[in-house]
Number of protein chains: 4
Amino acid sequence: MTLVPFMKQTKLAIIGAGGLTGKELTSLLSHHPHFQLVHITSNQVDGKHIRDVFPELSHLPDLVFQKHDTQVPKDVHIVLATPNEVSLDKAPEFLKEGRKVIDLSGTFRLHDQVKFEKAYQFPHTKFDMMDQVVFGLPELFREKIKNANFVSNPGCYATSAILPIAILGNLRKNIQGPVVVDAKSGVSGAGGRTEEIKFAYTHVYENFRAYKILSHQHEPEIEEYAFVGSEPKEILFTPHLLPVYRGILSTIYIQFTNPVDPKEIQEKLQAVAEKEPFLRLYKTPEEIEIKKVQNTNFLDLGFKTKGNTLVLVSALDNLVKGAAGQALQNLNLMFGYPENLGLVSI
Amino acid sequence: MTLVPFMKQTKLAIIGAGGLTGKELTSLLSHHPHFQLVHITSNQVDGKHIRDVFPELSHLPDLVFQKHDTQVPKDVHIVLATPNEVSLDKAPEFLKEGRKVIDLSGTFRLHDQVKFEKAYQFPHTKFDMMDQVVFGLPELFREKIKNANFVSNPGCYATSAILPIAILGNLRKNIQGPVVVDAKSGVSGAGGRTEEIKFAYTHVYENFRAYKILSHQHEPEIEEYAFVGSEPKEILFTPHLLPVYRGILSTIYIQFTNPVDPKEIQEKLQAVAEKEPFLRLYKTPEEIEIKKVQNTNFLDLGFKTKGNTLVLVSALDNLVKGAAGQALQNLNLMFGYPENLGLVSI
Amino acid sequence: MTLVPFMKQTKLAIIGAGGLTGKELTSLLSHHPHFQLVHITSNQVDGKHIRDVFPELSHLPDLVFQKHDTQVPKDVHIVLATPNEVSLDKAPEFLKEGRKVIDLSGTFRLHDQVKFEKAYQFPHTKFDMMDQVVFGLPELFREKIKNANFVSNPGCYATSAILPIAILGNLRKNIQGPVVVDAKSGVSGAGGRTEEIKFAYTHVYENFRAYKILSHQHEPEIEEYAFVGSEPKEILFTPHLLPVYRGILSTIYIQFTNPVDPKEIQEKLQAVAEKEPFLRLYKTPEEIEIKKVQNTNFLDLGFKTKGNTLVLVSALDNLVKGAAGQALQNLNLMFGYPENLGLVSI
Amino acid sequence: MTLVPFMKQTKLAIIGAGGLTGKELTSLLSHHPHFQLVHITSNQVDGKHIRDVFPELSHLPDLVFQKHDTQVPKDVHIVLATPNEVSLDKAPEFLKEGRKVIDLSGTFRLHDQVKFEKAYQFPHTKFDMMDQVVFGLPELFREKIKNANFVSNPGCYATSAILPIAILGNLRKNIQGPVVVDAKSGVSGAGGRTEEIKFAYTHVYENFRAYKILSHQHEPEIEEYAFVGSEPKEILFTPHLLPVYRGILSTIYIQFTNPVDPKEIQEKLQAVAEKEPFLRLYKTPEEIEIKKVQNTNFLDLGFKTKGNTLVLVSALDNLVKGAAGQALQNLNLMFGYPENLGLVSI
């Protein structure tokens, strides 16, 4: 709504643009006045024009998928929307060439190598790089992101759980026992374009199930970042598969050592919500619903208390605030643009 | 609700029981007082107990899937729920052994070999058998079915179009030009258990499309049977894929040589509906909906007229009246049981 | 599959048969060899034939909805599928007339009047009757139900949480802290036939939300019955609304005072599952899904452990094991029929 | 992707912005570099901020719903997204004040008063205005729209049928007999925000039905505009309700007096598609699906021939090309902006 002239001055490539996240970011960037997408890759659909892969993006001019290994033109910065193994290979290469890199995979999020290799089931051969990477959650690491050359974009489930807990700030010190994160996601977060029978219409529609109970790779990610600046606690994380396309709602149960004061929680959360462009606090947690966040970059938040218990409910769009939108928020910060540019209206 | 003692006196085998139709029939037979299912086969899941393949049928005792080629015990009659090529092989064998056979595939429906081979794309090597098979549409061929050893169960789309047209009787002689059959089916009719990407949740949900326009194999089947006892007309048949699990609704447009008299249509349809156990005539075609026929053996029917035009709307459950339910209706007739036994309440 | 002659010898009335539960029970009873439904009431659709209200039950003979206050013929026993206030009025009347009564409302479940009136928001004027009512959970109170004249059928959410916890038996004594019950239900459990905008297609489809967090009326019901025979614990119960028609999946998080031994849990649950006709234990909780229990009377169960934590996952069909099916299971017990009659295959 | 500076120089009001179409247009305008939305009205939610009615538009600054009758500031042009009766009142008033007006209701589309009053069931008291209004289908009336002060935006179903037929051009003269338009729409086209029970989740989900067969108000609209510049033919139009949120797919059956030449059709359609910014022609009609047009302003088109028959399949998003998107396309033309501005990427 502001008078921002379109001057496409920063060039970007998306490596692995053939998936749902790549598509979402491609669409977002087409609205952005300053980023210009000049290079997209996919080893599945290389050679095809973007209009043949994503008909709804057919207005985008001159974009043809390249192989991942095609040389990226100079002065182009990099978004990695690739599988973990590809990110592991490519991120160091691109950084060495002096490009800024944001990685949407899980490869560079965990600082505990044992936990990483247990969660992701392959050896991390570039673990020394964990010193230079910044975790791309602007609400927690905004200043670092502004100065970063290498940002690791958070997981979708992880974002929905880390933020509500982390912004409790010093209240976190009185948490006792494990924190339960019961999360429910639409299929685009879990297997949007896969051909596995478990994602067939007849297996998802009119159905609901849990998966990777207490063993999902986002559990250690939540444990590492939800308690930044505080004493770490155990997270009990269970993801579930909803018969919807996009959206995550997480219900978080926290026990405190003493009765929870709803006013105190309200003040704490409200103080953060007021200064954060993409965090909305609701009067009651029953107002939170995934429909309200679909196609937006908001994380919606509400809470209820009872005795020593605090229940937090959060919702976000797994493809936007949980992936491509948050990546663009980070890119805006990395390149000095207003943080919400291209994101306020999707 | 009638006082029918359970005496399982007629033994059945389902060849190809691992698909959706086989499952539906297995479930129906478990309610039936006289049919006893003693043998089920599947080349995909042979060796598995039925409870491990279909958890909701786990109460059925002692049923383990065999290979198709496993010897079927004597005195067991046969339901073929197999692909066309398997039915072509198996039907003659079982008939030779003196068993009654009902085939749910499309193999033995068309009496025009050229049309068959065009529609099904493989050579029909047993076409001499077309003399002895009876088309299993009880509303048209009830008496023949009662005396048949070999019945070919109609296609789901075909049933939804043949019946509404055929029961017009002598009114059909004034039809001019082609009859348009615009049909819409849930996914269980099209590819319930397949792993093709076009049946992935993300491709079916919030989507709708036509397929095999004017080239579906049920088009010649409708042409052959909708005009039995009358002059044949051209059928223009287009199937569409609905984002629902079960149900077909067909909208049929017929032109007459002169203005249609709604009273005449009403009387003709009502006369048939009153004596048919599974045909329901509604006051207006807008009342027809697939929800009303799901999990029932009914074909619901309504019509509207305007000038020379008659629009018929029909609905049925593709797995019941369109497949397993109609098969059971036929089996009841073939073995001398009340036609609606095991079907009146599903 | 057993040889049970159909002899309709026990007459039943359903008061409040116009709702989804009444419809489900009507359908179930039509398969039952011994119960005969002779009287149905509804103050909304009185005067209408059942076929005009529920087209898929149109085969049922001679059933016309009466007003609730129409005299029920002698020798007819009573199912109350009525709102709480109607059950409060009607149950004592019918009992006084010497009829057996099963009530599907929440009116006669809680033995703590204060908790009842807080949960249900109206004064309970017949609280003295709480001495004679039996809670209709066969897995816990089978022998009492057999001898009961008055049974209160459990809530759908409540069943999905009470059973998994209660069958832990003496292991419950080492539970510490509150037990989290995070439950997700299809719309037929929440407001199937209501006209509220919150149940409009556009508000439910592609959506998900929590409601009545820590304040649902089933929370005290779970607290009362999950710990029968053990020390009571606090329950933290949050229901959510799934965009599906039928089914509840509950994810239950329990903390113990010491590390949980998965073998011990397995043995305890397996011992119960083996003797219970409607409880299925799975090898992993990820196998549990609502599709597997839809249209069945099963409660499916699985678990995972990690340190001091036990996660239980249960699923059931809210209209069957959560309402009408469990009611029929209770009716079978109350009238001396095999417990699974009319329920093994739905 | 073009370098268009944001200079909000044309002010707009949306009268009746509280519905789905108003919301869609509000969202589209927020991306547009030159239109500035300054005034929105709704008699249902007046006084509320847009963020409280549509949370996903919460970034839009300073927009509060007014009553319809609130004075609109000078130099503001008008979009009417109001019911027919309100448009009838308001359009002449606003025009008299010298504002440009585009009306999204059906009030000013039909030039035959008898047909109008039969279709819309109320007397048209401003029929003299039909001389000055331009039908807002750019593919047919682009030049007139550019010079118009008063545009009537086409209906969603009507657009999906008029365009495919009209662009056949001189081939239309050989059409014989009525043209069948069998159309299927998502719920947002039919009753998105209504509270009627027929739009309850349980009535739409897993369901499908026809409505207003041969009597929908878009039938005369198609008849008037599909044959502009040719001899009029009868249209047989049947709308159906899909269990999806947005999208219309129409299957159109046309008989010709002689065999149809597919090459001739292909050339005719391709010539138009090549110069139209929002018309996409596919190689086969089976490729058309509503998923491909959702959230876009495209009308997708394909065809198949067989003997004298031509089948056309079209798809569009009822809220975009069928309403708000087409309105914006028209507004661009009316105010001299590039036709696809704000529409190429949604």
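Volume per residue for the protein assembly as shown equals 179 cubic angstrom (convex hull of Cα atoms). Ascending distances from the C:LYS96 label point to its copies in the other chains, with the point 7 Å along the Cα-to-beta-carbon line: 7.1, 7.7, 9.1 nm. Using a 1.4 Å probe over protein heavy atoms, the accessible area lost on pairing D with B, summed over both chains, comes to approximately 3500 Å². Compared with the dominant Cα axis of chain C, that is its longest principal axis, helix C:20-31 is turned about 70°. Straight Cα distances below 15 angstrom link C:LYS283 to the aspartates and glutamates B:ASP52, C:GLU264, C:GLU267, C:GLU274, C:ASP300, with same-chain residues fewer than 8 positions distant left out.
Legend: Rg and Dmax of segment C:1-102, from Cα coordinates, 13.4, 42 Å.
Note on segment C:114-222: dipole from Cβ charges, positive end direction compared against C:PHE208, C:ALA158, C:ASN170; the farthest Cα belongs to C:ASN170.
Per residue, how much accessible area does segment D:157-318 have with a 1.4 Å probe, in Å²?
Working: 4840 Å² over 162 residues.
Accessible surface, normalised per residue, equals 30 Å².
The residues of segment C:232-263 listed by number as losing at least 30 Å² of accessible area in the complex, against the isolated chain and with a 1.4 Å probe, are C:LEU236, C:LEU242, C:PRO243, C:VAL244, C:TYR245, C:LEU249, C:TYR253, C:GLN255. Each other copy places its own label point for B:ASN340 at 3.0, 6.0, 6.4 nm from this one, sorted shortest first, where the point lies 7 Å along the Cα-to-beta carbon line. Our coupling estimate for segment B:37-42, obtained by passing each phi through the Karplus curve with A = 6.51, B = -1.76, C = 1.60 and θ = phi - 60°, is 7, 10, 8, 10, 10, 6 Hz, Gly and Pro reported as x.
Taking the longest Cα principal axis of chain B as reference, the axis of helix B:262-275 is set at about 20 degrees. Counted by Cβ distance under 9 Å from D:LEU242, the other residues give a net charge of +2, where Lys and Arg count +1 and Asp and Glu count -1. Sequentially through segment D:117-133, phi angles give Karplus couplings (6.51, -1.76, 1.60; θ = phi - 60°) of 5, 6, 6, 9, 6, 7, x, 8, 8, 10, 5, 5, 6, 5, 6, 9, 7 Hz, Gly and Pro residues having no value and appearing as x.
When the other protein chains are added to the chain by itself, burial of at least 30 square angstrom of heavy-atom accessible area (probe 1.4 Å, ligands and nucleic acids ignored) affects these residues of segment D:195-218: D:GLU195, D:ILE197, D:TYR201, D:THR202, D:TYR205, D:GLU206, D:ASN207, D:PHE208, D:ARG209, D:ALA210, D:ILE213, D:LEU214.
For chain C, the longest principal axis of the Cα atoms and the long axis of helix C:84-96 meet at an angle of about 60 degrees. With Rh defined as the Kirkwood radius, the inverse of the mean 1/r over Cα pairs, the Rg/Rh of segment B:282-346 is 1.11. Computing Rg and the Kirkwood Rh from the Cα coordinates of segment C:74-142 gives a ratio, Rg/Rh, of 0.96. Of the solvent-accessible surface of segment B:33-155, computed with a 1.4 Å probe and all protein chains present, 46% belongs to carbon and sulfur. For segment D:23-93, the set of trypsin sites (Lys or Arg not before Pro) satisfying both a DSSP loop assignment and a count of at most 10 other C-beta atoms within 10 Å is given as D:LYS67, D:LYS74. Check each of the trypsin sites (Lys or Arg not before Pro) in segment A:234-319 and keep only those in coil by DSSP with at most 16 other C-beta atoms within 10 angstrom; list them in order. In loop regions of segment A:234-319 (DSSP not H, G, I, E or B), the sparsely surrounded trypsin sites (Lys or Arg not before Pro) are A:LYS283. Among residues of chain D, the one whose beta-carbon sits closest to the D-to-C rotation axis is listed with its distance in Å as D:TYR201, 2. Charging the Cβ of each Asp and Glu at -1 and of each Lys and Arg at +1, and nothing else, the dipole of segment A:157-318 about its Cα centre rounds to 240 debye. If the Kirkwood radius is taken over C-alpha pairs of segment A:120-213, then at 20 °C and 1.002 mPa s the Stokes-Einstein diffusion coefficient equals 127 µm²/s.
For segment C:298-346, the carbon plus sulfur part of the accessible surface works out to 57%, probe radius 1.4 Å. A simple charge model with +1 on the Cβ of Lys and Arg, -1 on the Cβ of Asp and Glu and nothing else charged puts the dipole of chain B at about 360 debye relative to its Cα centre. When Rg and Dmax are taken over the Cα atoms of segment D:157-318, they come to 15.9, 49 Å. Selection among B:ASN318, B:PHE135, B:LEU281 by position relative to the dipole of chain B gives B:LEU281 as farthest towards the positive end (Cβ unit charges, Cα centre). For chain B, the alpha-carbon radius of gyration amounts to 0.97 times the rule-of-thumb value 2.2 N^0.38 Å expected for a compact globular protein.
At most 16 other C-beta atoms within 10 Å and a DSSP loop state: those are the exposed GluC sites (Glu not before Pro) I care about. Give me the longest piece of chain A that has none. It works out to A:235-346.
Distances between equivalent label points of B:GLN266 across the copies, with each point positioned 7 Å along Cα→Cβ, amount to 5.0, 6.4, 6.9 nm, shortest listed first.
Per-residue mean of foreign Cβ neighbours for D:286-298 is 5 (Cβ atoms of other chains, 10 Å radius).
The values are calculated or read from the model by the stated rules, or taken from the named source; none is laboratory data. The shown structure was predicted, so the numbers you read here are calculated from the model rather than taken from an experiment. When we count neighbours, we look across all protein chains shown, and the Cβ atoms used for this are built from the backbone with ideal geometry, even at glycine. Note: accessible area is taken over every heavy atom of the protein model, side chains too, but ligands, DNA and RNA are not part of it. Shrake-Rupley method; radii C 1.70, N 1.55, O 1.52, S 1.80 Å.
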